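Working notes, beginning with the structure itself.
Only the coordinates and a few stated rules stand behind these numbers; no lab work does. Keep in mind it's a predicted model, so treat the numbers as computed, not measured. In this analysis, Cβ positions are derived from the backbone assuming ideal geometry, glycine residues included, and neighbour counts consider all displayed protein chains.
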Amino acid sequence: MDKIEHIGIAVKDLETSNLLFEKLLGAPHYKIEEVASEGVKTSFFQLGPNKIELLEATNADSPIAKFLEKKGEGVHHIAFAVTDIVAEIARLKDEGFRVLNETPKRGADNKWVAFLHPKSTNGVLIELCQEIED
Ligand code: ZN
């Protein structure tokens, strides 16, 4: 894995949290993007080499809606940048981690993504992401 790409934070209201994080970080978000397949609306803040991703649920079945119900607002996942996501998924499976996406899927911010089950990573949802080059 190359670096922490971003930290994902589950929020109830994206608009309110965008203002809060803009104040906190001293910089505005640079994009808002909806990922309909995941039932989330996201916003991104750039902070040096890393990003903060805020996630709001867009429907009741969204994984973010379920997370908020169970745990409330807070850190939802840590995303690591990888250069070869397919190889990394295979390596982590070999190491005994529970991979939630055997095949990478298209995520926000122009990335291929795959998640690891938090039960196999000390309770932390891990996202792998690789920039999509087209
Ligand atoms: Zn993410």
For the chain, what does the helix formula give at 222 nm: sum of -39500 (n - 2.57) over DSSP H segments with n ≥ 4, over the residue count, nearest 500 deg cm²/dmol?
-7000 deg cm²/dmol
Rounded to the nearest 0.05, what FRET efficiency do Thr83 and Leu19 have when you use their Cβ-Cβ distance and R0 = 25 Å?
0.10
Taking a ≥ b ≥ c as the square roots of the Cα gyration tensor eigenvalues, with a/c under 1.5 meaning rounded and otherwise prolate when a/b beats b/c, else oblate, which class fits segment 25-134?
oblate
Suppose each label sits 7 Å from its Cα in the direction of the beta carbon; what would the Lys93-Asn50 distance come out to in nanometres?
3.0
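Kyte-Doolittle cut-off 0.0, length cut-off 15 Å along the helix's own axis using Cα: show which whole DSSP H helices in the chain pass.
Values: long enough: 14-25 (16 Å, 0.49).
Passing helices, by number: 14-25.
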Under the 7 Å Cα-to-Cβ spin-label approximation, Glu102 and Lys12 lie apart by a distance in nanometres of 4.0
Mind ordering 111-120, 49-58, 25-34 by average Cβ neighbours within 10 Å, highest first?
49-58, 111-120, 25-34
If you average the C-alpha positions of segment 83-134 and of segment 14-35 separately, how far apart do those two centres end up, in angstrom?
25
